[in-house]
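The values are calculated or read from the model by the stated rules, or taken from the named source; none is laboratory data. Values in this document were obtained by computation on a predicted structure and should not be read as measured data. FYI the Cβ positions are ideal-geometry reconstructions off the backbone, even for glycines, and counts take in every protein chain you see. Remember, those area values only see protein heavy atoms, side chains included, never the ligands or the DNA or RNA. Shrake-Rupley method; radii C 1.70, N 1.55, O 1.52, S 1.80 Å.
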Amino acid sequence: MPAMEPLYQLSGTNIYKLSEEEKLLLEVELFARICEQLKEIFREQHRDYFYLMKFTKEKESALLESKFVRLIVQDILATGEYNLGGIAYYTDTYEEVLEELMTGRNTNPSAVFLRKLIELHRSVRPELYQVVIKKITANYSAVA
């Protein structure tokens, strides 16, 4: 199992100029932004369903929030590189916990689990994360 790469390394920021606290804050900010961007990607993938069901933006957001982990797991499974057992092993969790997440009986996984899951997702869908990071850095460049 590869070691988790800090998210701030993806930002292209000169980390040697940052204190440990600043690195941690950047890590948290990037994690939150990555989650936001992934939800927007999933929103686009399910656009037709949302339209058919006549969901409001708020209802879409609530559904995406409650099914976020499931959507990531399904995307990992769709690559064919991992099965549920492999995901459980990588994230250091029980397969039964993943099954609970997939069936909706557990919609609030730990932050550590989510971080490991996104790390795994990054390893199987690097092109997706390149697009996400470009969007995030473009948004920061526009603000600065």
- For GLU96, are the conditions met, namely being closer than 24 Å to PRO126 by Cβ, open to solvent by 50 Å² or more (accessible area, probe 1.4 Å) and out of contact with any helix residue (DSSP H, G or I) (no Cβ under 7 Å at 6 or more places or on another chain)? no
- Item | Check on THR107, modelled with pLDDT of 95 or more and not acidic (Asp, Glu) | no
- Query: If we scan the range 83-91, do we find a residue that is surrounded by fewer than 13 Cβ atoms within 10 Å (Cβ to Cβ) and either modelled with pLDDT of 95 or more or touching a Pro at 6+ places or on another chain (Cβ under 7 Å) (or both)?
  - Reply: yes
- Message: Can you find a residue that is open to solvent by less than 60 Å² (accessible area, probe 1.4 Å) and modelled with pLDDT under 95 anywhere in the range 65-79?
- Response: yes
- Message: List the residue pairs whose Cβ atoms are under 7 Å apart, where the first residue sits in the range 101-112 and is within 12 Å of SER66 (Cβ to Cβ), the second is at pLDDT below 90 and surrounded by fewer than 13 Cβ atoms within 10 Å (Cβ to Cβ), and the two are 6 or more positions apart or on different chains.
- Response: none
- Query: Which condition breaks for ASN139 when tested against (1) in contact with a Lys or Arg (Cβ under 9 Å, 6 or more places away or on another chain); (2) at pLDDT 95 or above; (3) open to solvent by 40 Å² or more (accessible area, probe 1.4 Å)?
  - Reply: (2)
